[in-house]
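Following: one structure in structure tokens, then a few remarks.
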Amino acid sequence: MSHPRNIIGQLTATLATVLLLASVALAQGTRTWEQSRYDELVKGTARGVAIRSDGSLELAPASRALYTTPSTYVWSIAGDDLGNVYAAAGAPSRVYRITPQGQATVIFAPQELQVQALAIDRSGVIYAATSPDGKVYRIAPVVPPTAKPGAKAAPAPPMPQATVADALQPKVTIDPTYTSSVFFEPKTKYIWALALDAEGRLYVATGDRGEIFRIDRNGTSSVFFKSDEAHIRAITFDQKGNLIAGSDGSGLVYRISPAGEGFVLYSAPKKEITALAIDTEGNIYAVGAGEKRPVTPTVGAGFNVPVMTPPPQGAQSALQPGAAPFLSIPLPGMGATGSEVYRIAPDGSPKRIWSSRDNLAYALGFDHSGRLIAGTGNKGRVYAIDGNGQFTDLLKLSASQVVGFARAANGAMYAATSNLGKIFVLEDSEQREATYESDIFDARNFSRWGRIELRSTGNVELFARSGNVDNPDRNWSPWRKVDTQKDSAADSPAARFLQWRVVLHSGNPAPRVDSVRVNYLAKNVAPELDDVSVQVGYRFQSVPRATSQMSNVADNVPQQSQQANAPAIRDHNSIAVRWNARDDNDDQLTYSLYYRGDGESRWKLLKDDLGDRFYTFDAALLPDGGYTIRAIASDAPSHSPDEALTASRESARFEVDSTPPRVENLAATLDGNELHITFSGADSFSLIRRAEFSVDAGEWRYVAPIGEISDSLVENYDLTTPLPTVTPNEASEDSKNPQQPADKQLSKRRSKRPPQTQPPAGTEEHVVVVRVYDSFDNMGSAKVIVKPLSGASSQ
């Protein structure tokens with residue numbers, strides 16, 4: 001009776017076989033292309049459609065561009081109670097005030113290269129920090145604003161579009177309703193962030209010495225906290241009045257009490273904390289970027305911005321005529337290849353809730369529903385992170401980096417971007433209608449398109465188009481609607497490429513697309529064979545076959561694991577055949593080998609049903625002669641018998657000779673102190689290549705044929721060689737050293753043959769052995785014994 005474990009193992013193996021056959025069966029006819037994963041859907045084009053990490057599509061929040069600044073970079077934004085947004089920018093260095101209607105004015109234009117950070121107090125006073133070697137400015141309205149939210153703003157002078165000339169020689173009109181003055185000068189290289197506490201005191205996070213300053217409303221300043229890190233990059237306050245700070249160097253998140261006592265809440269795996277946010281439950285969210293290295297902490301890679309202040313006298317002469325001087329400014333997180341978002345619970349326990357190898361998060365915020373929002377670069381994407389390992393790719397804004405968020409009126413959000421410096425509005429409502437276009441699918445062969453299966457809810461329309469070039473703009477078929485209610489096939493012409501599109505319409509229930517599956521039938525094409533090579537005297541060393549992997553992506557069905565790289569090793573008795581094959585349908589292929597001898601008309605089967613692209617067989621199976629191998633590849637395992645196709649390829653002619661040559665007419669006679677040896681070497685197929693002889697187990701010595709050239713099936717040999725003898729001295733030396741190896745004794749005897757010590761001729765018996773080789777290194781041998789001359793006596 002079988003052991004239960006054996007039965008379970010057999011059932012498991014049977015199930016694996018059934019699944020593998022199911023995969024193969026899929027390749028025999030109709031194939032499918034399905035998109036239901038985030039990494040597949042993100043390759044498409046979303047216009048107002050959000051892509052969830054679980055692989056579904058839904059309507060994204062409505063968004064619009066509010067204002068494009070003349071500056072290349074926007075570093076920070078802040079909103080006031082009236083719905084206005086203030087933007088800190090660089091290249092050129094400005095602070096802009098933008099109304100909810102998109103009207104903008106410049107309220108501050110410092111001499112420093114950029115305005116890095118902003119903060120607004122309850123009275124509407126704006127604090128702006130500049131870098132590098134910057135200051136904190138106080139920008140106050142001449143008349144405090146009293147307008148109510150939604151009220152029509154007074155007309156503002158329009159901002160001209162930025163030009164190269166503006167960047168080099170900026171001309172700006174400052175809004176006269178604001179005044180500015182230096183509020184605090186920390187005398188540090190960088191000012192990274194600003195924050196206001198409940199009492200209106202300003203906190204300034206700086207770089208180079210890792211200091212946080214606190215400035216009272218009257219302007220009195222002091223060092224509030226000193227870190228051993230080089231830079232404090234982000235700061236914010238929790239509900240208890242503690243300052244939360246993130247560093248660059250070791251990626252530390254600090255909690256600093258109102259008394260200035262610091263405690264490290266978390267040491268992130270990344271080197272730099274680029275953004276912080278705290279929700280209503282007290283959870284702290286932090287963005288980590290950059291890899292930790294055992295070096296002195298430094299800021300990230302820089303970018304170049306034009307210097308706005310006049311250069312020192314003589315400096316311009318080092319530049320090209322008309323060029324502007326540039327200065328490198330560090331950008332938070334620059335040089336990093338990805339980032340992570342961590343959540344630190346109120347009890348202090350940390351957890352990574354989001355990560356990306358490609359996107360670097362610059363900003364965190366919360367939307368109207370309290371969802372965590374992350375702004376990233378360098379593709380301008382905005383993500384919603386739910387904290388349970390799930391996220392939603394909400395939007396792609398028309399800029400490189402999303403660097404800041406701020407509250408707007410009526411539950412909306414402002415988003416700031418760099419490259420280009422823009423302000424967007426993210427509404428608290430969804431799009432009314434949005435579209436998503438899939439990535440282009442390449443069937444790799446001319447194909448017929450069947451039914452497109454759409455799994456969705458709500459009001460969703462499906463369209464498809466096809467073509468024979470990879471660019472849809474080059475004469476593809478038009479978009480045609482697919483009737484999903486009637487399970488109709490796609491009304492798209494047979495072609496190599498296909499693309500689908502969905503249109504989501506708002507309603508109840510909300511529209512959602514979970515998967516799209518395209519059924520298609522590729523036209524079968526014959527496999528291709530080439531490079532059929534034969535190696536006589538070699539065999540292939542077996543290599544363990546790789547296990548076939550089943551894929552849940554049906555667009556490219558994996559064929560059976562097939563080897564073509566087994567190494568060939570020397571084996572005189574074997575013949576190795578190798579070939580290359582491919583199939584554009586990705587069909588499973590099997591191979592058959594046939595052989596045909598010279599002068600024959602019929603191909604004879606050597607081996608069939610091969611899965612690998614190599615084969616070794618015994619050379620003795622083929623009689624001596626010339627042959628050709630034909631390899632045939634068939635895609636029959638993937639098609640019905642009437643649709644299967646084959647391809648064949650023949651090898652170059654090769655020769656087989658496994659029969660050794662013959663030694664004929666061997667004779668040896670004594671002629672005084674010499675042996676006279678004659679013999680013939682003969683082979684029925686290949687040429688005799690060389691011959692050797694040995695006398696009395698002596699070393700092998702080459703002998704040339706009569707005529708000296710070995711180029712015939714039969715070669716004759718005639719030679720005379722001195723007799724080997726042993727001198728008395730040699731015998732005496734050997735007796736003195738009986739443990740000396742016999743081969744060394746024999747070597748000595750052969751090397752010393754003084755004529756005066758040779759025994760009388762004809763008194764010894766000798767053994768003559770000859771061997772001959774053919775072109776295939778087959779060897780034949782024979783021997784003859786030479787008796788002493790009659791009447792001779794031994795000495």
> Taking the Cα-to-Cβ direction at ALA345 and at VAL525 and moving 7 Å from each Cα, how far apart do the two end points lie in nm?
Replying inline: 5.8
>> What does the C-alpha gyration tensor say about the overall shape of segment 220-284? Classify as rounded when a/c is under 1.5, otherwise prolate if a/b is larger than b/c, or oblate.
In response: oblate
> Ordering GLU643, GLU340, GLU261 from largest to smallest accessible area (1.4 angstrom probe), what's the sequence?
Replying inline: GLU261, GLU643, GLU340
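FRET efficiency for ILE785 and LEU713, Cβ-Cβ distance as r, R0 = 45 Å, nearest 0.05?
It comes to 0.95.
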> For segment 175-232, what class follows from the C-alpha gyration tensor (a ≥ b ≥ c being the square roots of its eigenvalues): rounded when a/c is under 1.5, otherwise prolate if a/b is larger than b/c, else oblate?
Replying inline: prolate
> By average Cβ neighbour count within 10 Å, what is the ranking of 375-381, 522-528, 603-609 from highest down?
Replying inline: 375-381, 522-528, 603-609
>> Quick check on my link table: of LYS43/LYS486; LYS189/LYS422; LYS226/LYS351; LYS135/LYS187, which ones sit more than 18 Å apart, alpha carbon to alpha carbon?
In response: LYS43/LYS486; LYS189/LYS422; LYS226/LYS351
>> Along the charge dipole of segment 370-433, pointing to its positive end and built from +1/-1 on Cβ of Lys, Arg, Asp and Glu, which listed residue (GLY370, GLY380, ALA409) has its Cα farthest out?
In response: GLY380
>> Assuming 0.36 nm per residue, please report the length gained on full extension of the stretch THR678 to TYR702 beyond their Cα-Cα distance.
In response: 7.2 nm
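The values are calculated or read from the model by the stated rules, or taken from the named source; none is laboratory data. All values derive from a computational prediction rather than experimental measurement. Virtual Cβ from ideal backbone geometry, glycine too; neighbours counted across all protein chains shown. Just the protein is used for accessible areas: all its heavy atoms, side chains included, with ligands, DNA and RNA removed. Shrake-Rupley method; radii C 1.70, N 1.55, O 1.52, S 1.80 Å.
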